[in-house]
Every structure is written in C-alpha cells, then in structure tokens.
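Colleague: Structure in structure tokens, see below.
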Amino acid sequence: MSAALELVLEWGYDAVTTAEIAQLAGVTERTYFRHFPDKREVLFDGERRLTSWVTEAFSSLPIDVGHWPAMRQMITLIVPLLEASQADGDRLATIVATTPALQERAASKEARLIMAITDMLVARNASPDEAALVATTGWGVLANAIRAWREDRLETRQRRMMTLQSHVDRSFAVLAEVTHLDW
C-alpha cells in the first residue's frame with residue numbers, strides 16, 4: 001500500500017502500473033495479484049484494518065451501553081489508531097480527491113463500513129432504522145472531524161494544532177447544538 005501511495009502521488013493514478021507498484025514494494029507482480037485483485041484495491045487496503053478496529057471497539061463495549069453512546073465511544077476508541085495512520089490517510093485522501101475513479105470506490109468502501117456498523121448496532125438490539133441513522137450520522141461526524149483535522153494541520157504549523165479527538169468532540173458538540181441533543 002505504501003509503495004502504491006508513493007507512486008500514485010508522484011505520477012498520478014492512471015500513469016502507475018501494478019508492475020511498478022510490485023517492483024517498488026519488492027515483490028513480483030504475481031505476488032501482488034495474490035493480495036490485490038486490481039490497482040485500486042491496494043490503495044484501499046486500510047479498509048480491512050479500519051473495519052477490524054471498528055469491530056474490536058464495538059466488541060469491547062458493554063452491551064447495555066446505548067446506541068448513540070456506543071457509537072461515540074467506538075469512535076473515541078479508534079481515534080488513536082486513525083492518528084497513528086495519519087500519513088497514509090492523508091496521502092490516500094489527496095489521491096482520491098484528484099481521481100474520480102477512486103472517489104466512487106472510496107464512497108463504496110465507506111458505505112460498506114457504515115452497513116457493517118449498522119449491523120453491529122442491530123446486534124446490540126437497535127432497530128434497523130435506528131441503527132442505520134446512528135451509523136450514518138456518527139460516521140458523518142467522524143468524517144467531518146477528520147476533514148477539519150486535515151485542514152487544521154495544513155493551515156498552519158505556527159499554532160498548536162487540535163488533536164483528532166478534539167475535532168471529534170467539537171463535531172459532536174455541533175451536532176448536539178443543531179439537534180438540541182445532550183451528548
């Protein structure tokens with residue numbers, strides 16, 4: 001994944017081949033295709049890790065935690081992992097923003113993750129409608145916080161940057177304000 005991100009950032013998605021990615025990664029193209037069915041999938045390999053983090057975070061929460069609090073706590077649990085993978089996440093975001101073919105793939109991957117979260121919430125006794133609303137809205141809060149966090153880091157190096165968790169807290173506060181909910 002790192003090799004693919006490096007090459008695509010330098011040359012553009014369409015200009016990079018799987019053979020070049022494999023070569024930079026120090027593997028054969030045959031080995032590459034054992035792990036990834038195409039060029040796009042190598043860029044989105046982090047989805048498996050993210051799904052695992054989300055699943056583990058939900059599994060660690062007591063079943064009697066409400067659905068909204070469980071979503072918020074799950075996000076808080078994965079924030080350090082997202083911060084640790086910041087460099088790859090930033091590179092992928094830059095690539096996706098400039099490559100329409102990858103924007104569709106990113107949206108599809110995000111939709112699958114939201115559906116997995118919905119299923120986990122249903123397993124925690126949420127109704128399907130409530131689970132879908134909590135998953136979609138909660139993930140939207142996290143996406144908003146990540147966007148603001150990236151912008152914060154790009155804007156200036158002179159002032160103290162807010163952490164991702166601070167942006168998450170702020171985004172949940174904005175949601176509470178506009179919906180009149182008390183988190």
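The values are calculated or read from the model by the stated rules, or taken from the named source; none is laboratory data. Quick caveat: nothing in here was measured; it's all calculated off a predicted structure. Cβ sites come from the backbone with ideal geometry, for glycine too, and all protein chains shown count toward neighbours.
Colleague: What residue, of Val42, Val79, is of a type in the set (A, V, I, L, M) and either closer than 13 Å to Ile95 by Cβ or not assigned by TED's automatic domain parsing to the domain that holds Arg112 (or both)?
Modeller: Just one listed residue meets the conditions, Val42.
Colleague: For Arg159, work out the one condition from (1) part of a helix (DSSP H, G or I); (2) at pLDDT below 95 it doesn't fulfil.
Modeller: Here Arg159 meets the rest and fails (1).
Colleague: Okay, next question. Quick test of your reading of the structure: Leu61 fulfils all but one of (1) surrounded by 14 or more Cβ atoms within 10 Å (Cβ to Cβ); (2) in contact (Cβ under 8 Å) with a residue 12 or more places away in the chain; (3) more than 21 Å from the chain's Cα centre (by Cα). Name the failing condition by number.
Modeller: (3)
Colleague: Follow-up question, since we're still on this one. Filter the range 91-115 down to residues that are among the hydroxyl-bearing types (Ser, Thr, Tyr) and part of a helix (DSSP H, G or I), then give me how many there are.
Modeller: 2
Colleague: I'm trying to understand the selection: among the residues of the range 52-69, which are assigned to a helix (DSSP H, G or I) and touching a Leu at 6+ places or on another chain (Cβ under 9 Å)?
Modeller: Across the range 52-69, the qualifying residues are Trp53, Val54, Glu56, Ala57, Phe58, Ser60, His67, Trp68, Pro69.
Colleague: Take the conditions outside the structural domain of Leu142 (by TED's automatic domain parsing) and either aromatic (Phe, Trp, Tyr) or part of a helix (DSSP H, G or I) (or both) and apply them to Val8. Does it pass?
Modeller: It is true that Val8 is outside the structural domain of Leu142 (by TED's automatic domain parsing) and either aromatic (Phe, Trp, Tyr) or part of a helix (DSSP H, G or I) (or both).
Colleague: With the structure loaded, tell me whether Val174 is farther than 16 Å from Thr76 by Cα, assigned to a helix (DSSP H, G or I) and at pLDDT below 95 or whether it fails that test.
Modeller: yes
Colleague: For Glu151, only one of the following conditions fails: (1) loosely packed, with under 12 Cβ neighbours inside 10 Å; (2) modelled with pLDDT of 90 or more. What is its number?
Modeller: (2)
Colleague: Can you name the residue in the range 1-39 that is within 20 Å of Arg49 (Cα to Cα) and of a type in the set (Gly, Ala, Ser) and, of all such residues, is surrounded by the most Cβ atoms within 10 Å (Cβ to Cβ)?
Modeller: Per the criteria, the residue is Ala4.
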